[in-house]
Amino acid sequence: MPILVPDINLRIIAPALIVTVTAIVVLLGELVTPAERKRWLGYLSIAGLVVAAFAAFSLWGANASGFSGMVVADNFGLFLTLTIALSAALSILLSIPFIHAHEIDQGEYYVLLLASVAGMIVMATATDLIVIFLGLELLSLPLYILAAFQREDTRSLEAGIKYFLLGAFSSAFFLYGIALVFGATGTTNLAKIAASLAQSAGSPMLSIGVGLLMVGFAFKVALVPFHWWTPDVYDGAPTTVTAFMSVAVKAAAFGAFFRTFQFALPALALDWRAVAAVLAVLTMTLGNVAALLQSNVKRMLAYSSIAHAGYILIALVAMSANGLSSALFYLLAYTVTNLGAFGAVIALSDGARERLEIKDFAGAAREHPLVALALTICLLSLAGFPPFAGFVGKFLIFGAAVETGWAWLAVIGVLNSLVSVYFYLRPVVQMYMSEPAEGWSGIRVAPLVALALLIAVISVIALGVFPAPAIALAAGGLIR
Amino acid sequence: MLTSQFLTYVAFFVLSAIALIGAFLAVTLRNLVRAALGLILSFMGVAGIYFVLEAEFVAIVQVIIYIGAISVLILFAIMLTRGLMTSAASTQNSQWIGAAFVGMLMFAVLFFVAITTNWPLAQPHTISDLIPRLGADLVTTYLLPFEAVSLLLLAALIGAIVIARE
């Protein structure tokens, strides 16, 4: 028997590898770190993420594929890798004081978060359905645990269980879809699937398989009608975990979603574009209307994240180079904006006692003018006001839709943005126009939270005022 | 006349019956331990069908993982949970109509796929050349998924400890 040499190219999986190694170092470091120094594990995690981001940046333009076509280091995947690393680093900045205040500061928190990041990077750079699935599981499993990390709080446990059960359910759909697509095409490699479909006509098995894949992705990015878990999980999970998963999971899952559908299944585009357009309309509309009815900020942001998934789905329906780059830009803009909003909510909490009802924000502007300003900027950006990042993102996505003949979808998107202004402005009105509620005095914003908030707000403004460099990067992020 | 094809059909129907009866018992029995044993019966029927289909490796994996590991895990979980062991749980709740509808819909879709698909026939093979190829593929073509699985198991292990420790 000949000696087989595997196609190993560690350089292209360097970002995921560095994050994994960091996770293991933090896991071992936990053993020797005294309880009052646990925050150093957080700093170490951030350092690992920064190194991983540099590794991703050094691969820019490499367009190298490896491990027998299982992963690729193309600019699309690398842009998402950078977005994911940024969201994880900002989340950890928010987490260090948060988990200390809630007395859950164990090193495993960072280990699980980093393991999830490794899964996300794998998912965003995978070019094989099996690897996409493994990335999906590797990102999800630690998040189930993180959602239940406040074990004293039954709502956190409930969030973990709910997320786990529905996540397992959606994984089964996804896996079944992979099996049927494999049955129809004889391969799980995305490029080979595309090549196989270019030659042969589709079959019912293939259609069902693709449908099940779409259901699997729809669960993960929380598209209506597969969104039922989202409000409960986002509400019950620790706020920093909610902040992290509301942005990073979307970046990773949408990355694989685009790669699978736009590049492996263009032969079936006529069918899935129509389905995706319907899902986008449902998701935007239901997300925004349901968000109108919420009195709790976390639930409101949960429904808002559902609505944003709908906007991003429009870019997939457009199925063009501009659609792809607009989705990348949108994911980055949404990441910094949403983390900024969650960061401000965390900044306004009083130690372990969080203010999560919108009416609790009354008068915050008088006590914490800067935090209130940051929250206002982020909410306006989420609503799509210029000159903030959210406006540019929406502009690009709707532009891509109009360009490819989906103007009606863009119109529905714009109408939805108008609806969303109402609920995004409710906390702002409370902060600036109501009399201060009880108990504001003596609240100090933790320096790390302030730093994260500053980075997020500067990014929101920078991406809104000078979007050109980021757009150019995203436009270079085409899948090879 | 007992041709090998005829015997294959007989084996298939007997094994299918075992799998279906096991599955039926698993969802209808009120005692959870008995329901789990019904599930094991169903797994065995499915493993037998894999043997009939000449997918020996999958069949053996089915026996080792599903019957050996997962069933034992389920039985352990039932026996270690207070009150689950003896009490008879209701097998239905108010959502059974919706669940039955969705189940039938899924069945109809898969049945449609199964009868309309032009299934490719596998090349004849012997198990002795299948296993080495599987092993070689795992450390060459599928090296990255193989390593990713190990990372996944590590994450699951850490997660289980975080959740379970006092």
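So, in the stretch A:227-241, how many residues would count as being within 18 Å of A:L348 (Cβ to Cβ) and open to solvent by 10 Å² or more (accessible area, probe 1.4 Å)? Counting residues in the stretch A:227-241 that are within 18 Å of A:L348 (Cβ to Cβ) and open to solvent by 10 Å² or more (accessible area, probe 1.4 Å) gives 1.
For the stretch A:219-238, indicate whether the set of residues that are free of Cβ contacts under 8 Å to residues at least 40 places away in the same chain and either of a type in the set (S, T, N, Q) or out of contact with any Leu (no Cβ under 9 Å at 6 or more places or on another chain) (or both) is non-empty. Working first, answer last.
Let us first name the residues in the stretch A:219-238 that are free of Cβ contacts under 8 Å to residues at least 40 places away in the same chain, namely none.
No.
Look at A:I3 and say whether it is surrounded by fewer than 20 Cβ atoms within 10 Å (Cβ to Cβ), in a loop (DSSP other than H, G, I, E, B) and among the aliphatic types (A, V, I, L, M). If you could, list the steps in order and put the result at the bottom.
On the way: surrounded by fewer than 20 Cβ atoms within 10 Å (Cβ to Cβ): yes; in a loop (DSSP other than H, G, I, E, B): yes; among the aliphatic types (A, V, I, L, M): yes.
Yes; evaluated as a whole, the condition is true for this residue.
Restricting to the stretch B:143-166, name every residue that is under 14 Å from A:L27 (Cβ atoms), open to solvent by 60 Å² or more (accessible area, probe 1.4 Å) and at the interface with chain A (Cβ under 9 Å from one of its Cβ atoms). Listed by number, the residues that qualify are B:L154, B:I161. Apart from one condition, A:F219 fits all of (1) more than 15 Å from the chain's Cα centre (by Cα); (2) open to solvent by 10 Å² or more (accessible area, probe 1.4 Å); (3) closer than 30 Å to A:L78 by Cβ; (4) hydrophobic (A, V, I, L, M, F, W, C); the exception is (1).
Limited to the stretch A:379-417, what total is found for residues that are over 19 Å from A:G310 (Cα atoms) and either in a helix (DSSP H, G or I) or open to solvent by 30 Å² or more (accessible area, probe 1.4 Å) (or both)? Break it down stepwise before answering.
Taking the stretch A:379-417 and keeping what is over 19 Å from A:G310 (Cα atoms), we get A:386-388.
This time we only want the ones that are either in a helix (DSSP H, G or I) or open to solvent by 30 Å² or more (accessible area, probe 1.4 Å) (or both), so: A:386-387.
So the answer is 2.
Among residues of the stretch A:138-150 that are assigned to a loop (DSSP other than H, G, I, E, B), those with a beta-carbon under 6 Å from a residue that is open to solvent by less than 10 Å² (accessible area, probe 1.4 Å) at least six positions away or on a different chain give the pairs A:A148/A:S156; A:A148/A:G160; A:F149/A:P238; A:Q150/A:S156; A:Q150/A:P238.
Residue-wise test of (1) in contact with a Phe, Trp or Tyr (Cβ under 8 Å, 6 or more places away or on another chain); (2) over 27 Å from A:G77 (Cα atoms); (3) open to solvent by less than 20 Å² (accessible area, probe 1.4 Å); (4) of a type outside the set (F, W, Y).
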| site | (1), (2), (3), (4) |
| --- | --- |
| A:F263 | no, no, no, no |
| A:P266 | no, no, no, yes |
| A:A274 | no, no, no, yes |
| A:A277 | yes, no, yes, yes |
| A:N288 | yes, yes, yes, yes |
| A:Q294 | yes, yes, no, yes |
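When the stretch A:251-287 is filtered for residues that are within 26 Å of A:S196 (Cβ to Cβ) and of a type in the set (S, T, N, Q), the ones remaining, listed by number, are A:T260, A:Q262. Just a yes or no: is a residue in the stretch A:109-124 within 11 Å of chain B (Cβ to nearest Cβ) and surrounded by fewer than 23 Cβ atoms within 10 Å (Cβ to Cβ)? There is no residue in the stretch A:109-124 that is within 11 Å of chain B (Cβ to nearest Cβ) and surrounded by fewer than 23 Cβ atoms within 10 Å (Cβ to Cβ). Screening A:S207, A:S170 for residues that are at the interface with another protein chain (Cβ under 10 Å from one of its Cβ atoms) and either under 18 Å from B:L110 (Cα atoms) or open to solvent by 60 Å² or more (accessible area, probe 1.4 Å) (or both) leaves exactly one candidate, A:S207. Selection of the stretch A:53-84 for residues being open to solvent by 10 Å² or more (accessible area, probe 1.4 Å) and among the aliphatic types (A, V, I, L, M) yields A:A53, A:A55, A:A62, A:A64, A:L82.
The values are calculated or read from the model by the stated rules, or taken from the named source; none is laboratory data. Please read all numbers here as calculations on a predicted model, not as lab measurements. All Cβ positions, glycine included, derive from the backbone under ideal geometry; neighbour counts span all protein chains shown. For the accessible areas, the whole protein counts, side chains as well, though only heavy atoms, and no ligand, DNA or RNA atoms are used. Shrake-Rupley method; radii C 1.70, N 1.55, O 1.52, S 1.80 Å.
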